[in-house]
Structure formats: C-alpha cells, structure tokens
Amino acid sequence: MLFPVSLKTTSKSLAAFLLLVLLLAAPAHAQRKPKGQAAVNPDGSLATATPGPTKPARLQPLFGGLSPAQATQVIGEAQLKAIAASFASTAEASAFFTTKGYEYLRENQPDTAAYRFNLAWLLNPQNAEAYRGLGVIASMQPTPDASITLLNKAFALAPTSSLIMSDLGASYLIRYGQSKKKKDLTTGLDLLQRATAADPTNAVAWQQLARGLYYQEKYAEAWAAVHKGQNASVGSLDFDLISDLQAKLPDPQGTFK
C-alpha cells in the first residue's frame with residue numbers, strides 16, 4: 001500500500017502503507033469517506049453537525065489513553081487473569097494477541113484488531129508489536145500524529161527493527177507532506193536510511209526513501225532507491241512516484257520509460 005509523493009497522495013491514510021509493510025492487501029477502511037454536502041437549516045444557515053458516537057475505550061488505541069491499572073478495570077481483573085492463565089506466560093499471551101491483531105487487520109476488522117492489540121499491550125507493555133499494530137490503526141486518522149506517537153513507543157522498545165523504522169520514517173514523510181516542516185523530512189529520511197541499512201531487503205523502506213529523496217530533489221538518488229526496492233520486491237513499486245520522477249529525470253537505467 002504505497003503512496004506517490006504528490007500532495008494528493010500524502011493526504012491518504014497511512015494505514016495503507018503500514019499494512020504493505022506487513023505484506024497485507026490494502027484494506028477498504030484505509031480509504032477515507034468523501035465528505036458530503038453540509039446539511040442546511042430551513043432558514044438557509046448551516047446545520048450543526050451531530051458528533052458521531054465515541055468508540056468504547058477497549059476499541060481505542062491504549063484504551064483511549066488509560067493507564068494499565070485503569071485499562072484492567074475496563075477488561076475486568078478476573079477476566080484478564082483467566083486469559084493469561086491459558087498461556088505459559090503473559091509475554092506469550094501478549095505475542096498471541098499481537099498475531100491475532102494482525103490477522104484481523106488482514107480481514108479488514110480494525111476494531112477487533114484494536115481490541116487484540118490492546119490486550120497484547122495490557123498483558124505485556126514491553127511488546128513493541130502491540131504499539132506498532134495500534135500505530136497502524138491510528139494511522140486512519142486525518143493526520144499521522146497519533147500514529148507517530150505510538151510508533152515511537154514501538155521504536156523505543158525495538159530500536160533495531162527495520163520494519164518499525166520504515167513505518168515510522170514513512171509516517172514522518174507523510175506529515176512532511178502536510179506540514180512542510182524540514183524536521184519531519186529530516187527525521188523520516190534518517191529512519192528510512194537506517195531501515196534499509198539494517199535490512200537491505202526491506203523493499204518498502206527503499207520506496208519510501210525514494211519518496212524522501214524526491215522531496216529533496218535528489219532525483220538520481222531517488223531512482224537508485226526505487227531500483228533497489230524493485231530488486232527486493234517488484235510488488236513494492238510506487239508507480240505514481242515513478243511517474244513523478246520521470247517528469248523530473250528519465251530513469252537512468254532505462255527500465256521505466
């Protein structure tokens with residue numbers, strides 16, 4: 001689930017990109033609903049929008065910001081102990097629910113996935129993948145800020161993970177597309193360079209690195225990154241980015257014409 005570097009692309013949900021890192025198909029929920037026309041009162045004034053229902057805490061990342069003790073009360077201490085008792089350790093239970101969370105994401109069930117990731121976090125707050133999964137879900141919000149916060153928590157726990165680095169780096173690039181703050185671009189590029197250094201086969205990281213280099217107008221380097229990603233996985237190619245690059249500099253290798 002890759003995005004081109006154009007502004008219209010960076011406005012799309014980050015969830016699509018993050019799920020590609022997990023080798024998943026782009027879920028339908030990763031696309032935002034188009035805005036409808038505003039309701040109008042009989043006098044011609046705009047009607048006040050009715051806020052939608054708030055999701056239960058168990059379906060919000062990290063239970064909507066609750067502490068572990070507060071979140072335990074939401075689940076029920078007895079139920080949480082019963083869940084943990086089915087496994088050799090809470091760490092094993094946490095890993096199990098992380099795996100289930102990703103499975104539900106594959107099935108386009110983000111609420112069910114969120115609950116599993118929340119359980120994984122509650123059972124083991126040191127499980128980096130629980131934060132990463134919740135970061136994917138949070139990426140469905142209009143801005144990547146919440147996703148960046150969660151992915152930074154994952155990164156703090158697993159600072160050598162190429163996948164987390166590439167997720168986080170891509171998040172910063174998408175925010176740069178919205179904010180145009182140089183710090184976001186610099187941070188994103190640094191993370192993506194580290195991700196590709198840690199795992200040269202991380203095809204998605206190469207494509208996102210190419211996007212960042214495109215932002216910097218380093219077109220030849222961007223093409224080189226595109227081809228490295230292509231060599232690792234043809235499925236990672238971002239054809240919108242390739243189109244944008246072709247408009248600036250023909251492919252030096254002549255692969256794309």
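The values are calculated or read from the model by the stated rules, or taken from the named source; none is laboratory data. Note that the structure is predicted; figures quoted are calculated from it, not measured. Cβ coordinates were reconstructed from backbone atoms using ideal geometry, including for glycine residues, and neighbour counts include every protein chain displayed.
Tabulated results
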{"item": "Test: residue in segment 195-208 that is of a type in the set (Asp, Glu), touching a helix residue (DSSP H, G or I) at 6+ places or on another chain (Cβ under 7 Å) and over 19 Å from residue 149 (Cβ atoms)", "result": "yes"}
{"item": "Answer residue from segment 98-110, given it is under 13 Å from the mean Cα position of the chain (by Cα) and more than 17 Å from residue 63 (Cβ to Cβ) and is surrounded by the most Cβ atoms within 10 Å (Cβ to Cβ) among those", "result": "105"}
{"item": "Any pair with Cβ under 9 angstrom, 6 or more apart, that starts in segment 240-257 at a residue that is over 14 Å from residue 213 (Cα atoms) and ends at one that is surrounded by fewer than 16 Cβ atoms within 10 Å (Cβ to Cβ) and among the hydrophobic types (A, V, I, L, M, F, W, C)", "result": "252/220; 256/239"}
{"item": "Residue 219 in contact with a helix residue (DSSP H, G or I) (Cβ under 7 Å, 6 or more places away or on another chain) and surrounded by fewer than 24 Cβ atoms within 10 Å (Cβ to Cβ)", "result": "yes"}
{"item": "Subset of segment 111-127 [crowded, with 20+ Cβ neighbours inside 10 Å and either touching a residue at least 24 places away in the same chain (Cβ under 8 Å) or of a type in the set (S, T, N, Q) (or both)]", "result": "113, 114, 115, 117, 118, 119, 120, 121, 122, 123, 124, 127"}
{"item": "Residue check, residue 186 outside any helix (DSSP H, G or I), over 21 Å from residue 137 (Cα atoms) and within 20 Å of the chain's Cα centre (by Cα)", "result": "no"}
{"item": "Sole residue being farther than 22 Å from residue 216 by Cα, within 14 Å of the chain's Cα centre (by Cα), assigned to a helix (DSSP H, G or I) and in contact (Cβ under 8 Å) with a residue 24 or more places away in the chain, chosen from 170, 154", "result": "154"}
{"item": "Filtered residues of segment 228-252 (kept if in a helix (DSSP H, G or I) and within 20 Å of residue 194 (Cβ to Cβ))", "result": "228, 229, 231, 232, 236"}
{"item": "Flag for residue 210 being assigned to a helix (DSSP H, G or I), among the small types (Gly, Ala, Ser), more than 27 Å from residue 108 (Cβ to Cβ) and within 19 Å of the chain's Cα centre (by Cα)", "result": "yes"}
{"item": "Verdict on residue 172 being at pLDDT 95 or above, touching a helix residue (DSSP H, G or I) at 6+ places or on another chain (Cβ under 7 Å) and over 19 Å from residue 60 (Cβ atoms)", "result": "yes"}
{"item": "Boolean, residue 135 is in contact with a Phe, Trp or Tyr (Cβ under 8 Å, 6 or more places away or on another chain) and either in a helix (DSSP H, G or I) or crowded, with 21+ Cβ neighbours inside 10 Å (or both)", "result": "no"}
